[in-house]
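Right, one structure below, let's go through it.
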């Protein structure tokens, strides 16, 4: 248990420090934009580039792993949509945002910090694959549902172009692609550039966790809604179980890959959910509350999942390499 606390306390401690800063410091919300810009466009792309460029190319070609984890996210999304509609009777556009709360984990900001600290560098490849393909799924699924079920029908061609542009130009995706190309080329970077990337990588996790804390602290909290605990339960409990089920059914993955899939899936809803709600001007306050509830509850559920993983209590069946 000491090892679990040693992993969990710094992780959630930095989030809590950010939360306190957001509550106590009288700074404008706009100030957070520069930190998020640094994370999204500089530090985290450098992190993904660094870990992927150091990973053997054959490990990055496990398409069956990406298929298994992305399918688990999609199935969890659909479960959350059904749960949200059953509890609120909402239309499909709102249900899509409910599905987002129930399935889209904070894999960008929290994922690498958790998996790499708990499992080591061997978790780099599965972490990056899960992130990249979850982004592709969500950035495809949400705009499609909003277009199909919207009152103003957007042309299919315009929707497809929007989806492709958001996926291809996402900084994390670009950093990951550059990392894969680096792994394929085998070319070593000049020492000065390598040192710069290492420094950026080192800053990514603490800055991301601090930003999460501030973001949660600044979220406007609406009155409790009965569907939110259920959606958060789908995210924190059903999603990791679904991820474990899918990677086990497909099989042939190293134990650390299975553990990384479970850890990534157990993370709370991403702040991106709130940005999406604001973009579509739907379900905004409820989404903010869902992120707050999910992040608070994840202190318990993520710590419990860490305990299961670090004590070998996550069954690894039909494993490979």
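Can you find a residue that is within 20 Å of residue 295 (Cα to Cα), surrounded by 24 or more Cβ atoms within 10 Å (Cβ to Cβ) and touching a strand residue (DSSP E or B) at 6+ places or on another chain (Cβ under 6 Å) anywhere in segment 118-137? For segment 118-137, residues within 20 Å of residue 295 (Cα to Cα), surrounded by 24 or more Cβ atoms within 10 Å (Cβ to Cβ) and touching a strand residue (DSSP E or B) at 6+ places or on another chain (Cβ under 6 Å): absent. Inspection of segment 169-183 finds a residue satisfying the criterion of being without any contact (Cβ under 8 Å) to a residue 12 or more places away in the chain, under 26 Å from residue 140 (Cβ atoms), out of contact with any helix residue (DSSP H, G or I) (no Cβ under 7 Å at 6 or more places or on another chain) and loosely packed, with under 12 Cβ neighbours inside 10 Å. Taking the numbered list (1) exposed (fewer than 14 other Cβ atoms within 10 Å of the Cβ); (2) without any contact (Cβ under 8 Å) to a residue 40 or more places away in the chain; (3) in contact with a helix residue (DSSP H, G or I) (Cβ under 8 Å, 6 or more places away or on another chain) in turn, residue 85 passes all entries but (1).
So for segment 297-309 (the condition being part of a loop (DSSP other than H, G, I, E, B), on the phi < 0 side of the Ramachandran plot and surrounded by 22 or more Cβ atoms within 10 Å (Cβ to Cβ)), does at least one residue qualify? Before the answer, list the steps.
Taking segment 297-309 as the starting set, the residues that turn out to be part of a loop (DSSP other than H, G, I, E, B) are none.
No - not one qualifying residue is present in segment 297-309.
Is it the case that some residue within segment 197-205 is part of a loop (DSSP other than H, G, I, E, B) and either surrounded by fewer than 17 Cβ atoms within 10 Å (Cβ to Cβ) or at positive phi (or both)? Within segment 197-205 (the criterion being part of a loop (DSSP other than H, G, I, E, B) and either surrounded by fewer than 17 Cβ atoms within 10 Å (Cβ to Cβ) or at positive phi (or both)), the answer is no, since none of the residues qualifies. Within segment 223-234, being in a loop (DSSP other than H, G, I, E, B) and surrounded by fewer than 17 Cβ atoms within 10 Å (Cβ to Cβ) holds for 223, 224, 226.
Only a single item in (1) surrounded by 15 or more Cβ atoms within 10 Å (Cβ to Cβ); (2) under 29 Å from residue 213 (Cα atoms); (3) touching a residue at least 40 places away in the same chain (Cβ under 8 Å) is not met by residue 146, and it is number (2). Is there a residue being surrounded by 13 or more Cβ atoms within 10 Å (Cβ to Cβ), more than 21 Å from residue 105 (Cβ to Cβ) and out of contact with any strand residue (DSSP E or B) (no Cβ under 9 Å at 6 or more places or on another chain) anywhere in segment 63-82? For segment 63-82, residues surrounded by 13 or more Cβ atoms within 10 Å (Cβ to Cβ), more than 21 Å from residue 105 (Cβ to Cβ) and out of contact with any strand residue (DSSP E or B) (no Cβ under 9 Å at 6 or more places or on another chain): absent. Here 3, 23 are screened, and the one residue that is more than 17 Å from the chain's Cα centre (by Cα), part of a helix (DSSP H, G or I) and either surrounded by 16 or more Cβ atoms within 10 Å (Cβ to Cβ) or modelled with pLDDT under 85 (or both) is 3.
Has segment 154-167 got any residue that is free of Cβ contacts under 8 Å to residues at least 24 places away in the same chain, in a loop (DSSP other than H, G, I, E, B) and in contact with a helix residue (DSSP H, G or I) (Cβ under 7 Å, 6 or more places away or on another chain)? Working first, answer last.
Keep residues of segment 154-167 that are free of Cβ contacts under 8 Å to residues at least 24 places away in the same chain, which gives 154-162, 164-165.
So of that shortlist, the ones also in a loop (DSSP other than H, G, I, E, B) come out as 154-155.
From the residues that got through so far, the ones that are in contact with a helix residue (DSSP H, G or I) (Cβ under 7 Å, 6 or more places away or on another chain) too are 154.
Checked against the condition, which is being free of Cβ contacts under 8 Å to residues at least 24 places away in the same chain, in a loop (DSSP other than H, G, I, E, B) and in contact with a helix residue (DSSP H, G or I) (Cβ under 7 Å, 6 or more places away or on another chain), segment 154-167 yields at least one hit.
When residue 220 is tested against the conditions (1) assigned to a helix (DSSP H, G or I); (2) modelled with pLDDT under 90; (3) within 22 Å of the chain's Cα centre (by Cα), the lone failure is (1). Restricting 294, 290, 251 to residues that are in contact with a strand residue (DSSP E or B) (Cβ under 8 Å, 6 or more places away or on another chain), in contact (Cβ under 8 Å) with a residue 24 or more places away in the chain and over 16 Å from residue 109 (Cβ atoms) narrows the list to 290.
Among the candidates 313, 237, 292, 249, which residue alone is touching a helix residue (DSSP H, G or I) at 6+ places or on another chain (Cβ under 9 Å), outside any loop (DSSP other than H, G, I, E, B) and more than 20 Å from residue 130 (Cα to Cα)? Give the derivation first.
Details: 313 fails: outside any loop (DSSP other than H, G, I, E, B); 237 fails: more than 20 Å from residue 130 (Cα to Cα); 249 fails: more than 20 Å from residue 130 (Cα to Cα).
Selected residue: 292, the only one of 313, 237, 292, 249 that is touching a helix residue (DSSP H, G or I) at 6+ places or on another chain (Cβ under 9 Å), outside any loop (DSSP other than H, G, I, E, B) and more than 20 Å from residue 130 (Cα to Cα).
Residue 107 falls short on exactly one of the conditions (1) at pLDDT 85 or above; (2) part of a helix (DSSP H, G or I), and that condition is (2).
Return the residue satisfying two criteria in turn: it lies in segment 260-275 and is assigned to a helix (DSSP H, G or I) and touching a helix residue (DSSP H, G or I) at 6+ places or on another chain (Cβ under 6 Å), and of such residues it is surrounded by the fewest Cβ atoms within 10 Å (Cβ to Cβ).
262
Considering only residues of segment 184-195 that are in a helix (DSSP H, G or I) and free of Cβ contacts under 8 Å to residues at least 40 places away in the same chain, which is surrounded by the most Cβ atoms within 10 Å (Cβ to Cβ)?
At the first step, the residues of segment 184-195 found to be in a helix (DSSP H, G or I) are 184-185, 191-195.
Cutting the leftovers down to free of Cβ contacts under 8 Å to residues at least 40 places away in the same chain gives us 185, 191-195.
Details: 185: 10, 191: 8, 192: 8, 193: 10, 194: 13, 195: 11.
Ranking the candidates gives 194 first.
The values are calculated or read from the model by the stated rules, or taken from the named source; none is laboratory data. Here the structure is a predicted model, which means the values were calculated and not measured. Methodologically, a virtual Cβ is constructed for each residue, glycine included, from the backbone with ideal geometry; neighbour enumeration extends over all protein chains shown.
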